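No value in this document is a laboratory result; all are computed from the given coordinates. No experiment lies behind these values; they were computed from the predicted model shown. Cβ: placed from backbone, ideal geometry, glycine included. Neighbour counts: every protein chain shown.
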Amino acid sequence: MGDVEFDIEKWFKPDGGSDYTPLSGADAPRNAPQSLYEDVETVIGRIEARHLDITADYKDWITIGLALADGFGESGRSYFHNVSRFYPKYKAKETDKVYSQCVKSHKGQVTIRTFFQKAKDAGVDIRTRRYVSSPISPVSPRPESGVIASSEGVANMAKVAKTERLGSFAERVELQLPDFLRMVAMHGETSQEKDVLILGSITTLSACLPNVSGLYDGVEVHPNLFFFLTARASSGKGRLNLCRLLVEGIHERLFEIYKLERQQYEMKKSEYEASKSSGTPRPEPPVKNMLFIPANSSATSVYQILGESNERGLIFETEGDTLAYSFASDFGNFSDGFRKAFHHEPISYHRRKDDEHVDIKHPQLTTVLSGTPEQLRSLVKDAENGLFSRFIYYRLDSGLTWKNVFATPTGKSLNTVFEELGHSFAEFHAKLMEAPYLHFCLTSGQIERFNDYFTGIQERMYSQFGENIIASVRRMGLIFYRIAMILTTLRIMETGDFYSNLVCSEEDFGTTMCMVDVILQHTADVYVEVCGSAEPAAQERHSQRLKFYDALPGQFDRSGYVSVATGMGIPSRTADRYINHFCQNGTLERTAFGAYSKVEQQ
C-alpha cells in the first residue's frame, strides 16, 4: 500500500475511464438506511471488529480513497484512515497525502458504491440497518489522526439527552464471540440486553479463570474485572442476575467441600476431646473456601473470606448501595482494600480473636454491581479517589415499549438455561484448575495498535474532561487487556487445548476494541453524571460549535463553511468534524456532493 507513489493522473485511463468499473445501481447495497453516513459507518464497524485489512492491494487502496471522496469529499478523510489503519505499514501522513489527492482529483469515475463492493469482496457483510438510535456512532469520524477512537461519541457525551440511546456493540461482535458467550448473548432481546449479558458474563467469569495471567506494564495481572450496570428503576437490570447462575455451581461445589471437611473436623475434634491424649495434636478447623463474598460484611470478614479462598472472590450485588453502605460504616469500610485488589496489590488485616496479622499477597477480586444513578453516586461520589476509574460502566436505557413478559422462545425459563450453561462452565473450570499455568499475550502488531488506540483516546478524553478522566482512560487499557485475556481463555472450551500459552487472535482483539469503544461512551456519560458536568474547556468547545452552526447560512458548500470557520478562528479540519457531527445529529442535511442545508427543527 505504501510502497508506490500515488499519481492520480496515471490512475485513470487515457480515455477517461477508470481502472475499476463502478457498481451499477442494481448492485448497490439493498435495504440501506437513508443516511449514507450510517451505511458506511456500519460497514466500517464490521471491518474494524474483524481488524480486517482490505487495502493491502495498492489499487484497492486508491479505489477506496476515490470512492470515499465521491461519497463524502473532505469529510471522508477519517473513514479512509479507519479502513487503512489495518495495513501493517500504515502511516497517517501518507494516508492523508493520498486522500487529499483523491479529493482534489476525483472525477466521478469511481462512486461510493465501489467502497461497498470492495468490502463485500473482502467477505464483509454490507447489508446495513440502523443499530444505534443516538446520533453518536461507535464508528465516528476522526479527522485529526488515523487512530480509532470514538472522538465524536466521547466529545458529545456531556450534552447527550437522557432519552437518547448510547452505543451498543452486540450486533457487531456477537457472531465472532467465543461459543460460550454467543450462547449467553442470544438470550438478550435487544442490543443493549445482549451487551449487558456479555459484559455481565465476562466479568462474572473473570472470577473463575484460575492459572491464567499476563504481563501488563511489567506486572503479572489476572482477568478480574469490576462492572457497574446503571439504570433507572424497573429498566431491566434484573437480567444481570442471570450471569450469577453461570458460576453458582462452582460456589456450591466449594461450599459442599467445606461442609464435608467441617463434618470431618467435628468428628476429629470430638475424638480428640474424648481421648484427652496429650500426644495427639488438636485438629485444625477447615478454611471456608467459597466464591461469593457478601458486600454487607465487615471488612475483616471480607478479607478473611478472600484470604481463605485462594485469594479469589466475587462480590455480586444487584443493589449497588449495599456496597456503599459497607464503605460508609466503620466496621465495613474496606474501600482501600477494594481499590488495591483491582491491581492485585497486597492487603493486610489483623484478626483480634487470635491476635493474628494476615497478608493477602495477590488478591484476585471480581465485582459485579447494578443500581440506579443515585445508588452509583452514593458509592462513587467523585472521580478523584480512584474508585470510579476501576469500573466498567454501562447505562441501560429505559424505553417506553411494553415488553411481552410471557414470551419464552426457548420453552425453558432463562434460569434453567443459564444454570445449564453454568454446569458446562463448571466442568471447564475444574479442568482449568488442573491445567498448567497459562500465560496470555498480545502479538507485536496488536501491541502497536493498542498503544495507538489509547494515545488517541487519552488525548481526546483529556481535551474534553480534563485531568480527572485520565485515570479512567489508563485503567481502561488494563480492562481492555483483561477482556482480551478472558475471550482468549474461553476459546479453550472450543479447542480443548489446556497446554499452549494464550496468544490473542485478531478476531478477539477486534472484538475487544469494539466493546471498549462503546464502554468509553458509557464511561464518559456516567462520568458527567457523577462529576456534575464536563470541564469548562469542554463547555467552551461545545459553545463554540453551537456558535459556528448559528453562523452558517441556510445553504452552503465546503468553501462556505471553511470561510465561516476561518472568520471565527476555527481550523478547517475542526470545521469538517463539526459539519459531520451536525449531519449525524440531523441538524444539517447533505443535499449533494459537498453541499449542505440546515434542517428546520420542529
- Note on the structure: Most packed first (mean Cβ within 10 Å per residue), the peptides 440-451, 180-191 order as 180-191, 440-451
- Roughly how many nanometres apart are two label points built 7 Å out from the Cα toward the Cβ at Glu94 and Gln264? 6.6
- Other-chain or far-sequence residues with amide H under 5 Å of Ile293's (modelled H): Leu314, Ile315, Phe316
- Taking R0 as 45 Å and r as the Cβ-Cβ distance between Asp382 and Ser275, the FRET efficiency 1/(1 + (r/R0)^6), rounded to the nearest 0.05, comes to 0.15
- Can you give the three extents of the C-alpha atoms in the range 205-252 along their principal axes, from longest to shortest, in whole Å? 43, 28, 9
- For Arg282 and Glu467, what does the FRET efficiency come to when R0 = 45 Å and r is the distance between their Cβ atoms, rounded to the nearest 0.05? 0.20
- Note on the structure: Given pairs Lys120/Lys194; Lys340/Lys431; Lys381/Lys412; Lys91/Lys118; Lys89/Lys118 and cut-off 31 Å on Cα-Cα distance, the over-length ones are Lys381/Lys412
- Calculated FRET value between Ile257 and Ser301, using beta carbons and R₀ = 22 Å, to 0.05: 0.65
- Message: Once each part is reduced to its C-alpha centroid, what is the distance from the range 217-273 to the range 454-471 in angstrom?
- Response: 36
- aspartates and glutamates with Cα under 20 Å of Lys361, excluding same-chain neighbours fewer than 8 positions away: Asp217, Glu220, Glu308, Glu311, Asp336, Glu345
- Item | Most positive-pole-ward Cα, Ser298, Cys243, Val173, against dipole of the range 173-306 from beta carbon charges | Ser298
- Item | Label zone at Glu419, where the point sits 7 Å out along the Cα-to-Cβ direction: the range 256-294 residues whose backbone N lies under 13 Å | none
- Among rounded, prolate and oblate, which fits the range 402-476 when a ≥ b ≥ c are the square roots of the eigenvalues of its C-alpha gyration tensor, a/c under 1.5 means rounded, and a/b larger than b/c means prolate? oblate
